[in-house]
Structures are given as C-alpha cells and as structure tokens.
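Only one structure is covered here, and it is reproduced in the block below.
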Protein chains: 2
Amino acid sequence: MYLVVAETLAAQIADMHVGTRLPPEDKLARQLGVSRLTARAALAELESRYLVLRRQGSGTFVSRRIDYTISRDNPPSWSASVRNAGRTPAIRTTSWRLDKPPVEVRRRMRIDARRQLLAVSRDRYVDDELVGFADSWLDPELLPDLPQTLDTTASLHDVLDRHYRLEPVRGWFGVAIDPAPPEVARHLRLHGHPPVIAIRSRTDAAARGHRPVELTISWLRADIFRVDVDFDTNP
Amino acid sequence: MYLVVAETLAAQIADMHVGTRLPPEDKLARQLGVSRLTARAALAELESRYLVLRRQGSGTFVSRRIDYTISRDNPPSWSASVRNAGRTPAIRTTSWRLDKPPVEVRRRMRIDARRQLLAVSRDRYVDDELVGFADSWLDPELLPDLPQTLDTTASLHDVLDRHYRLEPVRGWFGVAIDPAPPEVARHLRLHGHPPVIAIRSRTDAAARGHRPVELTISWLRADIFRVDVDFDTNP
DNA sequence: TAGTGGTCTAGACCACATA
DNA sequence: ATGTGGTCTAGACCACTAT
C-alpha cells in the first residue's frame, strides 16, 4: 500500500521543481486515507530513491541528485557540476596550516618524511546547505604565496591552471561509498551513518614533469550527489 | 533509544561470523524491554550500515560487504574478490545469442552497424545467493568457438587471457550507484528500488593492437559489494 | 509558539521461507 | 504448520525549525 502511495507521489514529483515543499505527513495521511506511519513509509521510499529530502522541523522537499562526473579529460570541477545542475555552489575555507602529512599522504605525494605541506580544509555548500567537505595537502614549493591567491570560492583546479600555469592533470584517484564515519557525520551534521562518497585524488603538474601538486580527500553526501566515474584507459 | 540498541548490537556483531543468525525481532524486543518497532528500527539501522541482511520469512543474518577493487593493473576479477573475502562465487550463463548490439555498444566497441556480436548474459552468485548479473557483448572474430571454451563458472578475463592469448586490458569503464531500475530489481528479486552498482567496462586486446574485445554492463547489489575504484592515471 | 518530521507504544494481520 | 520479517492501525509525545 505504501508502495502504491509512493508511486503516485513519485509521478507527481517528477513534474515539480527542486525545492518544492510537499504536504506534511499528517495531511498526506488524511488525504490518502492511510495512517501516518504508512504515509511515512511512502516518503521514506521516495527518500531512498533520492526524490525528496526530509528535514525535521522543516518539511519534505523535492530533490534531485547532482551529477558529478569523474573522467580523464574533464577537469575535476565540482563547482561546474553543481552549476550545471542549476544549483548554486559555494566553497568556504575553514582552516589553513603548514604541517607534516600522514604516511599515506607522503607516499602518494612521493615526498620524504621531513617535508611539510600546506593543509587546507574546505566546506562545500549547495544552495547554502552544507553537503560535503574536503581536506587538501598542497606542495608549497610549487605554489608560492598560495594563501593570497586562493580566495574562498575559487576552484583549486582553476588556481593551479590559470594562476600558476602548472597544467594540472589528474594523477590518481579513488572512489568508494561507505556509511559516514562518526567524524564525517558530525561535520556534516548528519544523524546515524548515512552513505557518503569518499573521493581521494591527486593532481600532478604536467608543466613540471608530472610532479604531484596536491592530494585531496573529499566527502560528499550520497543523497545529494551522483558520482559517475567514466574513464578511458587509453587516451 | 533505537540508536543505543543498534550500537549495542553492532558491538556484538563485530565479533560474529558472517551468516550468523540474530534473534528474531520479537525476542529481541522482549529482551531489551522495547517495543517490536523500536527493535526493528535498530535492525534497520544495522542494515543501512551493511552489518546485517534481513530476509522475510527467514531471519536476520550477520553480513559484511565484499570489497571489489577496480584498478588499472589488477585484472577485473570478480570471482577472486569474492574468494578473497572468504566467500564462494559462482557464475551461471543464462543466455547466448548472436545479435546486432544497440548504438551505445556499437560506439564503444567501434564497430559498424552491420556487425553482429555475441550477447551473453550471466548471473553472479555468492554462497548460492543471486547478487548480480552481467550482459556482455563479445567480438566473435577475436573469439572463435567461444561457446565451447567458456564454461559456466570461468571468469571471462581468464578465458581471454589463457585460451585466446589476447592480453586483455581494461579499455574503458564507468561506475555509478543508482536506485535499481525496475528490470534490474525484478531480475535480482529485490523489492522497491534499493541501490545497485552499475559497472560498464570494455576490454581491449593488447595482443591485437588494443582492438576492443568485449563490453560488459554488470549490476551488483550495493549492500553486498563495496566497489572501490583506485586508479592511477600515469602508469 | 506553531508546525514539522522523529520516535515510541501495543496490538494485529499478512507474505514468505523452511521443515 | 511454524516462525520469520513486512505492513498497518491509532494514538501519544518529543526534537527541531521557523516565525
């Protein structure tokens, strides 16, 4: 029965704009002649299909996942993907520091144990809602005066490309989807352990003999983004 | 409250073997002094973390996702990944035919409209449970007498490698996670639209000038597999 | 101070798998 | 036939967000 209700709502939702508010659960239940729990089950089904977002105290809203394609050729532009979906991206740098990176980062960046890297944390917003964050490790030798050049909203790729002329290319990447680890769930203010997408990626400088420039670990809400890996092995 | 229950159970489950059966909901509810719905909510939480699998009429069982890594170097061996997790893989070929492929397949395989390819459908099992299936399109010119050589359980990669000596390498791949389309849900006997992983991949023959050999579209249950893409761009 | 979704109760019946 | 998870009811209170 809740599946029938869900199908009905799904069909109606298909024509609605993102952000439209659905009727509250009790109204929906009365309208359809079912109990509130049944109406809830239907809405949960829609939520599992990423067709709605639910916010306690606020309401149920029509939603669509945002396509984020990871490929060889396209620059890894998160902001462009969000804009492409007709939404408004924002990036805020939350912290800066010069620090020794952990071993895995050292290995991936091919640097020795004495080197320090620039650690940058950035939060990602879509339409003013926090939907992800990223921790980056950057090589300060390749990026003199970075704090001055990286404004809060710019894409890292654009800065490496246009300001430093490093011809940034993707050197390595990893993608997996997992239940949100506690610290990630806390940072994104999620309850429980909803699925999140972990993207690890390294950018190399083609203009400097493919020397690694930066390594980023980013976390994105899996209900907001549809990450699509599309990769040609032989260009 | 159900989150507390879930944490308690999660801690106990951590030490248990895959496949162990948990107490039924009503027993659990009585033991913990909560209503059955609360016990259910806790079990649903564990299910969303992939720690248990629930089967109507049968019970709730301890589970772990199976790691399936897609990388440049490793051959794309699904069976090896399953065995590596201490589980038993099986593949069953369900259909065979010579047919004209759809446009997207033609484009990816770089063949003209007149060519026919071998279409093979295979079901994938883990411990005798259906967990995915794959539709492959193979080039019969590169694979003479294939129907005789491909036994029901062999990995396609192994056959291309050992029997035909084609030096198979991954030519292209795409990965995304989506709510199961109706026909996929039906095939895998899933209710609703639970998330499934779609993997599209093309194998090329390094021994034949990297000519495309086969294109496979496979669907895997996202609650059973943890697909991990780990890709070096510059080998 | 509403109004929203989130949780919980007790009880009932159903669908499905297994023996 | 039994036992399991799946669904549904009616009603209550709570947590959170917005006004």
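Starting from the label point of B:GLY209 at 7 Å along Cα→Cβ, the same points in the other copies fall at 3.6 nm, in ascending order. Distances, shortest first, from the label point of B:GLN56 to those at the same position in the other copies read 3.0 nm; the point lies 7 Å along Cα to C-beta. Highest mean packing first, where packing is the average number of other Cβ atoms within 10 Å per residue, the peptides B:43-49, B:189-195, A:159-165, B:211-217 line up as B:211-217, B:43-49, A:159-165, B:189-195. Helix A:2-14 axis versus longest C-alpha principal axis of chain A: approximately 60°, rounded to the nearest ten. Between this copy and the others, label points of A:ASP135 are 4.3 nm apart in ascending order, each placed 7 angstrom from Cα in the Cβ direction.
Taking the 0 to 90 degree range and rounding to the nearest ten, how far is the long axis of helix B:36-48 tilted relative to the main principal axis of chain B, both from C-alpha atoms? Tilt of helix B:36-48: around 30 degrees. Both numbers refer to the Cα atoms of the protein assembly as shown; Rg and Dmax are 24.2, 68 Å. Taken residue by residue and averaged, Cβ atoms of other chains lying within 10 Å of the Cβ of B:164-176 number 3. Peptide A:54-67 shows a mean partner chain C-beta count of 0 within 10 Å per residue C-beta. With viscosity 1.002 mPa s and temperature 20 °C, the Kirkwood radius over alpha carbon pairs of the range A:2-62 converts through Stokes-Einstein to a diffusion coefficient of 189 µm²/s. For the peptides B:111-118, A:33-40, the ranking by packing is A:33-40, B:111-118, with the highest mean count of neighbouring Cβ atoms within 10 Å listed first. Counting charges near B:LEU51 (Lys, Arg +1; Asp, Glu -1) among other residues having Cβ under 13 Å from its Cβ returns a value of -1.
Computed from the C-beta positions of A:ASP145 and B:ARG165, the FRET efficiency with R₀ = 51 Å rounds to 0.40. Here the Debye sum runs over all C-alpha atoms of the range A:66-230 as equal scatterers in vacuum, and log10 of I(q)/I(0) at q = 0.13, 0.15, 0.21 Å⁻¹ comes out as -0.61, -0.83, -1.62.
What the Cα convex hull of the range A:1-107 gives, in volume per residue, is 192 Å³. Amide H to amide H, with H built 1.01 Å from N, A:ILE66 comes under 5 Å of A:PHE225, A:ARG226, counting only residues 5 or more places away or on other chains.
Taking a sphere under 10 Å around the Cβ of A:ARG64 and counting the other residues whose Cβ falls inside, with K and R at +1 and D and E at -1, yields a net charge of +2.
Every number here is computed from the coordinates shown, using simple stated rules; none is lab data. None of these values were measured; they are calculated from a predicted model. For neighbour counting, all protein chains shown are included, and Cβ atoms are generated from backbone atoms with ideal geometry for every residue, glycine included.
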